[in-house]
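The structure appears right after this line, and notes come after that.
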Amino acid sequence: MAGLTLRDVRKSYGETQVMHGVDLDIEDGEFVVFVGPSGCGKSTLLRMIAGLEEISGGSVAIGDTEVNEVAASKRGVAMVFQTYALYPHMTVYKNMAFGLKQAKTDPAEIDRRVKAAAEILQITDYLERSPRNLSGGQRQRVAIGRAIVRDPKVFLFDEPLSNLDAALRVQTRLEIARLHERLQTTMIYVTHDQVEAMTLADKIVVLRDGRVEQVGSPITLYDTPANSFVAQFIGSPKMNFFESSDLASGASEVLGRTLAGDEHVGLRPEHLLPVSSGSSVIEGKLELVENLGEYALVHLVTETGVEFIAKTEKPPVQAKGETIGFSIKPELAHIFDKQTGLRK
């Protein structure tokens, strides 16, 4: 096992720079998730760690060894791709054993590793099947098993659940979490799904346009986002943003602070509490209610035309078009500079 160190890592394609000096420390045994919108550079960064993309500047070290010039096959990493990339003409056993066979590993050791990995992933009964006779979730487990048998220092996952349906995503996500708990190996996981990031990660790295916006534990990013981008990216539904002119007349008193015109106020939907008029921070006309059983998503619009969402335990009793007021505990409100987006 090993940690990773990235220092001023850059990537350019011709004149276009796509990664802008990434600095990152990943501890031995950590589960780190790279998250961000499409095109932010998370898969590119993962591929540079794997050695599948050359870096244009900076350094990548695995353990105490810089690997800038080390071939992908020699870095001691194993990668699980979005597509399973299994050999269709080989059995599950042969798929998992292929890399070891190419490395001229002793056949008895290959057999031991394949059977041990199959037991961990609960695919022992499928070892003689071909990939076409497996479900999507089973194929992804085989792909993970192929990585496990290599006994890597670092596991790399590139959006491994995106081809699975919703139920399988939840199941496989739990299996990956259990796998990390059992192996205690460093894992780096790329996803655009912030729910996966929040539930799997010891540490989340939020990326935007080839830059790191914030690094921290899931709860740190949720409770104290460094800027407005992270605040709206982490959390589902996303955080509501308002200017001081959008808020109710008594908002400053409820929040316990004077609101300036150069600020954005961020209020999470799940923190908004329906209240009677006069003690609200924000008020809006009811537009739509999504009743999801365990909770309701209430869509509203302020007098200034700003749409926002409140997450409530039960649907509101008010009819469509009626005004509903919401309050919030002062410590749960987030204030950001309007120009820089930085937390205040």
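Below is a table of values for the structure above.
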read-out	value
Normalised contact order of region 204-344, rounded percent, pairs of Cα under 8 Å and 6 or more residues apart	25 percent
Whole-number D in µm² s⁻¹ for region 152-311, Kirkwood Cα-pair radius fed into Stokes-Einstein, 25 °C, 0.890 mPa s	135 µm²/s
Rg(Cα) / (2.2 N^0.38 Å) computed for region 95-215, rounded to two decimals	1.14
Relative packing of 172-180, 6-14, 267-275, 154-162, which averages over residues the other C-beta atoms within 10 Å, highest first	154-162, 267-275, 172-180, 6-14
Fully extended contour minus Cα-Cα distance, from Ala116 to Asp151, at 0.36 nm per residue	11.5 nm
³J(HN,Hα) computed for each position of region 142-157 - Karplus, 6.51 cos²θ - 1.76 cosθ + 1.60, integer Hz, glycine/proline x	5, 4, 5, x, 4, 6, 4, 5, 6, 6, x, 6, 9, 9, 10, 10
Size of region 139-187 as Cα extents on the principal axes (Å, biggest first)	30, 18, 15
Relative packing of peptides 332-338, 30-36, 210-216 - highest average C-beta neighbours within 10 Å first	30-36, 210-216, 332-338
Solvent accessible area, Å² - Thr186, 1.4 Å probe, full protein context	0 Å²
Volume of the Cα convex hull of region 231-343, divided per residue and given in Å³	98 Å³
Debye log10 I(q)/I(0) at q = 0.23 Å⁻¹ for region 176-234, Cα point scatterers	-0.93
Three-way shape call for region 10-54 based on the alpha-carbon gyration tensor, with the a/c threshold at 1.5	prolate
Cα gyration tensor shape for region 95-146, rounded if a/c is under 1.5, else prolate or oblate	prolate
Dipole magnitude of the chain, debye to nearest 20 (Cβ charges: Lys/Arg +1, Asp/Glu -1, about Cα centre)	1260 debye
Region 297-344: translational diffusion in µm²/s, Stokes-Einstein, Kirkwood Rh over Cα pairs, 37 °C, 0.692 mPa s	249 µm²/s
Nitroxide proxy distance, nm - points 7 Å out along Cα→Cβ at Asn68 and Thr258	5.3 nm
For region 26-94 and region 279-325, distance of Cα centres in Å	44 Å
Alpha carbon Rg of the chain, scaled by the compact-globule rule 2.2 N^0.38 Å	1.19
Tensor-based shape of region 1-148 (alpha-carbon gyration tensor, a/c under 1.5 rounded, otherwise prolate or oblate)	prolate
Square roots of 5 times each gyration tensor eigenvalue, C-alpha, region 268-328, largest first, Å	16, 13, 11
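The values are calculated or read from the model by the stated rules, or taken from the named source; none is laboratory data. Source: prediction; values computed, not measured. Methodologically, a virtual Cβ is constructed for each residue, glycine included, from the backbone with ideal geometry; neighbour enumeration extends over all protein chains shown. Please note that ligands, DNA and RNA were not included when accessible areas were found on the heavy atoms of the full protein model with its side chains. Shrake-Rupley method; radii C 1.70, N 1.55, O 1.52, S 1.80 Å.
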